[in-house]
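Only one structure is covered here, and it is reproduced in the block below.
The values are calculated or read from the model by the stated rules, or taken from the named source; none is laboratory data. The structure displayed is predicted, hence computed values, not measured ones. Cβ atoms come from the backbone with ideal geometry, glycine included; neighbour counts cover every protein chain shown. With ligands, DNA and RNA removed, areas are computed over all heavy atoms of the protein, side chains included. Shrake-Rupley method; radii C 1.70, N 1.55, O 1.52, S 1.80 Å.
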Amino acid sequence: MTTGSGSFRGRLRALSVADILGFLRSLNRRGLLSFAAEGVAIGLYLRDGKVIHATSTRDADRLTEVLLRDGAITGAQLEVALRRAAGGERIGKALVASGAVTPRGLMEARLRQVRQIALSLFEWDSGEFVFMEGEAPPDEGLAVELPLLDLVARGIRSLRTPAILRERIPSPDWVFEPLPAADLQVTVALEPQENSVLRLVDGTRSVGVIAAAAEFPESETLRILFLLFSVGYTKMKAQPGADVEDQLEGEPIEAIVGRYNGMLGRVYQYMTREVGPISLHLLAKSLRAMKGDHPVLFSRSSLGGDGTIDAEVMQENLGGMSPARRREAVVQGLNELLYAELLVLRRTLGVEHEGRLLRTLRDAPNHPECPSSVDR
């Protein structure tokens, strides 16, 4: 089947499966999301914000293995079903026809199988992925329904290697803030321990302060903080640098926009080189968020194919402001956008890559300093 124009590929990092699934859910994409690493290939078919089918090359992920492991069938029952399947009958149909499972039991087992395959991806910290828009499973009659947001929450909760969370939240100085109740669009019910940590998130307490105040070990608190962020209960708090305005004193608006566009373009180039075309989609989410905080400045704005913003559109947006207010709005808004994009890069690639890019930006001539709060 021909794939749509929304197809993209990239490389996996620690827990980047949570980012990818959240991204595809936000766009309501349909298609096949494939993963490959160390000789293992996994495929998740997505539709309407849900995983509806999964494939895996691992023997342990076979439906019959799931049924045996759960005690739903015996070895003898499996032998009978396999003999029927050898004659051309599908294994699921053979299991039901031989009396090993009921139709309901078969569908419940398929859901457990799909969930098992999908959850295993949260332990991957390397590999490659590709999304092929429009691809459908070979038999949609076997579809299950596993909501993506529930899957992300369950994957983070079941993570067996919590040390991997330090790659996603490496600094105790990071600050999260809760989303206003009116902005919440999540459908995941929080567990008691998660609500307990959420009450500590107020936009002023750092990760380190929250970890010290929580009733749980630090690794569990980090797990909960990442879950709250991933499913949409909190967001990272931007803390733009205080010295940028002084460094740009006297600069024309056009020059200020040009300097920031230079840095935004470098962020995009770096992300594209490391994770592929999905970078533009990830960074565009930062701009959409900024439109809520700076509606005048970023109205009608979009990221170009090189990761920059149309300067003429911004100039038109600011036409009704005084020169002093116009300059203040440009510096503040673009500084926060740059900070938000650096957070995306840090989430996707890790703090080492962020530091590498920051050094490149600081060494570039005629660029203002990056937000000081990202220099950890």
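Of note:
- Test: residue in the stretch 140-149 that is open to solvent by 50 Å² or more (accessible area, probe 1.4 Å) and under 26 Å from residue 226 (Cβ atoms): yes
- Cβ-Cβ under 7 Å pairs, at least 6 apart or on other chains, the stretch 249-268 side under 15 Å from residue 341 (Cα atoms), far side assigned to a helix (DSSP H, G or I) and charged (D, E, K, R): 264/341; 267/341
This table checks each residue for (1) open to solvent by 60 Å² or more (accessible area, probe 1.4 Å); (2) modelled with pLDDT of 95 or more; (3) of a type in the set (D, E, K, R); (4) more than 17 Å from the chain's Cα centre (by Cα).
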| residue | (1), (2), (3), (4) |
| --- | --- |
| 22 | no, no, no, no |
| 30 | yes, no, yes, no |
| 43 | no, yes, no, yes |
| 64 | no, no, no, yes |
| 74 | yes, no, no, yes |
| 81 | no, no, no, yes |
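- Restricting 293, 306 to those that are open to solvent by 60 Å² or more (accessible area, probe 1.4 Å), modelled with pLDDT of 80 or more and not basic (Lys, Arg) reduces the list to 306.
- Filtering the stretch 107-151 to residues that are at pLDDT below 95 and β-branched (Val, Ile, Thr) leaves 130, 144.
- Some residue of the stretch 155-163 being surrounded by 15 or more Cβ atoms within 10 Å (Cβ to Cβ), touching a Leu at 6+ places or on another chain (Cβ under 6 Å) and modelled with pLDDT of 95 or more: yes
- Residue 119 open to solvent by 20 Å² or more (accessible area, probe 1.4 Å) and in contact (Cβ under 8 Å) with a residue 24 or more places away in the chain: yes
- Residue 106 without any contact (Cβ under 8 Å) to a residue 24 or more places away in the chain and crowded, with 17+ Cβ neighbours inside 10 Å: yes
- Selection from the stretch 47-69 of residues that are farther than 26 Å from residue 102 by Cα and touching a residue at least 60 places away in the same chain (Cβ under 8 Å): 47, 49
- Of the set (1) crowded, with 16+ Cβ neighbours inside 10 Å; (2) in a helix (DSSP H, G or I); (3) touching a residue at least 40 places away in the same chain (Cβ under 8 Å), all apply to residue 221 but (3).
- Matching residues, the stretch 3-19, being open to solvent by 10 Å² or more (accessible area, probe 1.4 Å) and within 24 Å of residue 110 (Cα to Cα): none
- For the stretch 192-205, taking the residues that are open to solvent by 20 Å² or more (accessible area, probe 1.4 Å), touching a strand residue (DSSP E or B) at 6+ places or on another chain (Cβ under 8 Å) and not acidic (Asp, Glu), the one that is farthest from residue 175 (Cα to Cα) is identified as 198.
- Qualifying helices (runs of 4 or more DSSP H) (wholly inside the stretch 25-129; at least 3 residues being under 26 Å from residue 10 (Cα atoms) and of a type in the set (A, V, I, L, M, F, W, C)): 103-120
- Residue match in the stretch 318-331 (condition: surrounded by 20 or more Cβ atoms within 10 Å (Cβ to Cβ) and under 15 Å from the mean Cα position of the chain (by Cα)): no
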